[in-house]
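Take a look at the structure below.
The values are calculated or read from the model by the stated rules, or taken from the named source; none is laboratory data. Computed from a prediction, not measured in an experiment: that's the story for all the values here. With ideal geometry, Cβ positions are generated from the backbone for all residues, glycine too; neighbour counts draw on all protein chains shown. Side chains are part of the model used for accessible areas, which takes the heavy atoms of the whole protein and leaves out ligands, DNA and RNA. Shrake-Rupley method; radii C 1.70, N 1.55, O 1.52, S 1.80 Å.
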Amino acid sequence: MRLNILGKIVFITCCFVALLTLLRPNAAPAQESPARKPVPVTVGIYLTDIYDVEIKKGTYTADFYIWFSWSGKVNPRNFEIVNGHMTFKHLESVARVAGVEYVSYRCRAVLHGSFDLSDYPWDRQTLSIQVEDEDLDASKLIYVADSRNSKVNPGLNIGHRTIGDLRISASEFLYDTTFGHPARAENDGARYSRIIMELPADHKGARIFIKTFLALFISVALAFLTFFIRPCDLPPRFSMGISGMFGAVASLVVISNVLDDSPYLTFAEKIHYIGMIFIFLSVLEASISLKLYHAGKETAWRVMDVLSLFLFPLGFLLLLMLFVPS
């Protein structure tokens, strides 16, 4: 009888302890696994050629080698060109040395950029190649620029442009959208690591300057030659200025065809407009000089022609120097 009672007490006690164990909250919640750090991937670029530079469209084509080296469980092979699209991609080399993965590709891409032509023909452009991973964001993969080995082909020639030193850097870019991904919070943008290669390409030198402005300078000089002609020689005096105006307008049309419809006045356009103003002023001066000639005021028209012969070219040169890009 006593054993029966004792057994019941033990049974009830065990049930009570089990019930308390189930109902009691955990004293220490299970710790979440630490966030996984992004895998660093070293990226380098060797630029072999740039061609088909279209000023109007703001496009150019680049041939280059690109390589990736990393240690970790990522696949950086699926990359894309942010500022253009690839037309050719060929796997060149794959290697694994001391736990470091390596892969390289030869690529060709049609790229685009915003060309600042305000200083044309002495404009300064920066041609770039921007690379991102197609799948892995900055929480899984982060690029590191291989500045030491990234170089440009010494024989690279981009028309009349002077090529500067190649620059390569890595940065993080935030897309202010989730791209509709269900795993991302509504206000959580997508961050991707990006490699940016930049190559300065400047238009400089007397050759491009003369090529752009030679027709204009000849037209302005023709208009200034009218100051050597007497007012009584009416046809040649006025025809010189009119011919100069036609030449300046034709030169401006050629420049406009190169630049297309830019939203601002370029250096070349400013100089052409200044030249046309001076040609118009020379025709105006010829008209006033002719009026003074018919009025019998020989001293007045002679003084006016001599002053114009020196002041007009001087004024044109001063304005030219004022607008020359620094």
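Just to confirm the number: angle between the C-alpha axis of helix 234-259 and the first principal axis of the chain, 0 to 90 degrees, nearest 10?
10
Using a Förster distance of 35 angstrom, determine the FRET efficiency expected from the C-beta separation of PHE280 and SER326, and round it to 0.05.
For PHE280 and SER326, the calculated efficiency is 0.75.
Carbon and sulfur: what percent of the chain's accessible surface (1.4 Å probe)? Present the calculation step by step, with values, prior to reporting the outcome.
Numbers: 12060 of 19650 Å².
Exposed carbon and sulfur together represent 61 percent of the surface.
Roughly what angle does helix 206-224 make with the longest principal axis of the chain, taking Cα atoms, 0 to 90 degrees, to the nearest 10?
So the helix axis and the longest Cα principal axis differ by about 30 degrees.
Can you give the Rg to Rh ratio of the stretch 235-326, both from alpha-carbon atoms, with Rh computed by the Kirkwood formula?
On the way: Rg = 16.0 Å, Rh = 14.9 Å.
When Rh is taken as the Kirkwood radius, the ratio is 1.08.
Separation between the LEU318 and ALA300 pseudo-spin-labels, each 7 Å from Cα along Cα→Cβ, expressed in nm?
2.5
Report, for the chain, the % of DSSP beta bridges that are antiparallel, rounded to 5.
About 90 percent, rounded to the nearest 5.
Quick one: the Cα spread of the stretch 58-161 along its three principal axes, in angstroms, biggest first?
Result, largest extent first: 51, 31, 25 Å.
Counting heavy atoms of the protein chains only and a 1.4 Å probe, report the per residue accessible area for the chain as a whole number of Å².
So the chain comes to 60 Å² accessible per residue, rounded to a whole number.
How about the stretch 76-141: which GluC sites (Glu not before Pro) there are in a DSSP loop, with at most 13 other Cβ atoms within 10 Å of their Cβ? Mind showing how you got there, number by number?
On the way: sites: GLU80, GLU92, GLU101, GLU132, GLU134; in loops: GLU134.
Counting only loop positions with at most 13 other Cβ atoms within 10 Å, the GluC sites (Glu not before Pro) in the stretch 76-141 are GLU134.
If you wrap a convex hull around the Cα atoms of the stretch 47-112, how much volume per residue is inside, in Å³?
That works out to 80 Å³ per residue.
Taking 8 Å as the Cα distance limit and 6 or more residues as the minimum spacing, I'd like the relative contact order of the chain as a percentage.
15 percent.
Mind grabbing the base-10 log of I(q)/I(0) for the chain at q = 0.07, 0.09 Å⁻¹? Debye formula, identical points on the C-alpha positions, no solvent, two decimal places.
Relative scattering, expressed as log10 I(q)/I(0), comes to -0.55, -0.71.
Relative to the longest principal Cα axis of the chain, at what angle does helix 298-323 sit, 0 to 90 degrees, rounded to 10?
Result, in degrees: 10.
Dipole size in debye (nearest 20) for the chain around its Cα centre, Lys and Arg Cβ +1, Asp and Glu Cβ -1?
780
For a Förster distance of 25 Å, can you work out the FRET efficiency between the beta-carbons of ASP188 and ASN78, rounded to the nearest 0.05?
For ASP188 and ASN78, the calculated efficiency is 0.65.
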